[in-house]
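Here is the structure we will look at.
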Amino acid sequence: MAPSSRPRSRSVLERRHTEALSSWTERWIQTLLYHADPPKPPLTLAAEESALALRDLLRGDDGLALTELLQGYSLDERLIDRMRSRRLAPRLDALDQLSRARFRTAFEPLVQAFVESDAVARLMAGRAIALTLADWPEGPERDRACATFTRALEEAPLPSGAASEVMQLLEDAAPQILRALLSSERQRPELLRAAADTVGRMGRTELRGQVGQWIAHPNPEVRSAALRALSRLGRVPLNLSEDLLTALDDQTEFVRVQAAHAAKGLPQKLVLPILYESMGDRSWWVRRASAESLLRLGAGGRAALEKAARSHPDRFARDMSAQVLADSDTAVEDRRRPIRARPMEVPA
């Protein structure tokens with residue numbers, strides 16, 4: 001009898017907790033939007049949890065107002081203290097809550113945690129810092145905070161993928177940090193890769209020049225990341241054309257692949273004959289990337305593909321051209337084909 005009562009008790013507790021969260025969320029909304037009296041301290045755990053969940057959803061003035069309100073209950077101080085715990089679980093929990101709260105008062109302690117922590121806590125501290133900076137109003141204070149975080153990123157190593165994940169959370173604060181990271185001649189390759197990848201993923205076209213300077217970097221991973229970013233950004237600055245075309249002959253296969261993708265951002269007159277030639281590359285992936293770039297260059301690129309399918313001196317280039325053209329025609333046919341509604345089945 002006792003074992004069967006446990007699930008029932010747990011479900012009752014879960015229901016009560018859900019109801020408490022819902023009630024507190026409504027109360028916070030009334031306080032923020034309709035100027036109801038704020039709750040009296042101390043806050044319950046449900047009150048804190050609902051406030052942080054709501055803060056995670058809010059942007060702009062409403063989000064900043066809720067952060068300021070929670071500071072009035074000293075929630076920032078309690079979370080900072082918990083973040084300094086010697087036990088990992090409370091520390092990670094506090095970092096997660098700080099990432100949702102966006103307390104500017106926690107910025108310096110978070111930077112310290114970022115520099116001094118182990119890998120997992122460092123990533124979570126980085127996320128909390130980035131989300132805080134994303135909500136930080138523009139001005140000299142945010143500029144100084146961005147400079148501080150830039151130095152922290154340079155001092156405390158993160159894997160390239162993790163660093164890119166953190167930097168993408170910066171939103172409008174990202175360009176200042178990315179520009180600084182990409183301007184350093186002695187920057188770590190892992191950080192250059194992360195910064196270049198972030199520029200491409202965020203579509204920061206104003207930084208294409210800063211990214212482009214690294215397409216001839218000695219490290220092939222950096223070259224590849226910079227070329228991939230340029231491909232995502234579209235147009236390639238003309239002053240980078242020589243280095244990009246050189247990259248099509250790079251000894252590293254994945255660099256040539258990204259160069260072929262990025263080449264579509266150069267003027268057609270310059271790049272059509274180069275991509276036609278790279279269709280004969282020994283790598284299947286380079287041939288495919290070259291063919292796809294030609295296809296994206298409009299009528300001139302399609303004509304070059306058709307010519308390659310007929311008369312390119314390399315047999316594999318002819319096959320790839322024909323395959324990409326066929327795939328393109330199939331995709332067009334699929335888009336033109338009307339969608340027919342299936343007749344409803346009437347139950348007997």
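Helical content alone sets the calculated 222 nm signal of the chain at -23000 deg cm²/dmol, taking -39,500 (n - 2.57) per DSSP H segment of four or more residues and averaging over every residue. Extending 7 Å from the Cα toward the beta-carbon at both D143 and E206 defines two label points whose distance is 1.3 nm. Extending 7 Å from Cα along the Cβ direction at D93 and again at Q30 yields two label points whose distance is 2.9 nm. The fraction of all Cα pairs in the range 38-163 landing in successive 10 Å bins from 0 to the largest distance is 13, 45, 33, 8, 0, given as whole percents. For the chain, the relative contact order comes to 7 percent (Cα pairs under 8 Å, sequence separation of at least 6). Please give me the summed charge of the neighbours of A317: other residues whose Cβ is under 13 Å from its Cβ, Lys and Arg +1, Asp and Glu -1. Residues near A317 contribute +2 overall.
Given the alternatives [x] 24.0; [y] 23.4; [z] 21.1, Kirkwood radius over Cα pairs in Å as computed for this entry is given by [x]. All C-alpha to C-alpha distances of the range 162-263, sorted into 5 Å bins beginning at zero, yield P(r) values of 2, 15, 29, 25, 18, 8, 2, 0 percent in whole numbers.
In the range 31-77, inverting the average of 1/r over every pair of distinct C-alpha atoms gives 11.0 Å as the Kirkwood radius. Of the residues G139, L295, L57, the one whose Cα sits farthest toward the positive end of the charge dipole of the chain, with +1 on the Cβ of Lys and Arg and -1 on the Cβ of Asp and Glu, is L295.
Here K264 is the anchor, and the aspartates and glutamates within straight C-alpha reach of less than 12 Å, apart from those fewer than 8 places off in the same chain, are E292. Cross-link reach is defined here as a Cα-Cα straight distance under 15 Å, omitting same-chain residues fewer than 8 places apart; for K269 the aspartates and glutamates meeting it are E242, E277. Per-peptide packing, taken as the mean over residues of other Cβ atoms within 10 Å, places 259-268, 175-184, 320-329, 53-62 in the sequence 259-268, 175-184, 320-329, 53-62 from highest down. Can you give the translational diffusion coefficient of the range 215-309 in µm²/s, computed by Stokes-Einstein from the Kirkwood radius over Cα pairs at 10 °C and 1.306 mPa s? The estimated diffusion coefficient comes to 124 µm²/s.
Every number here is computed from the coordinates shown, using simple stated rules; none is lab data. Keep in mind the model is a prediction, meaning the values are calculated, not measured. FYI the Cβ positions are ideal-geometry reconstructions off the backbone, even for glycines, and counts take in every protein chain you see.
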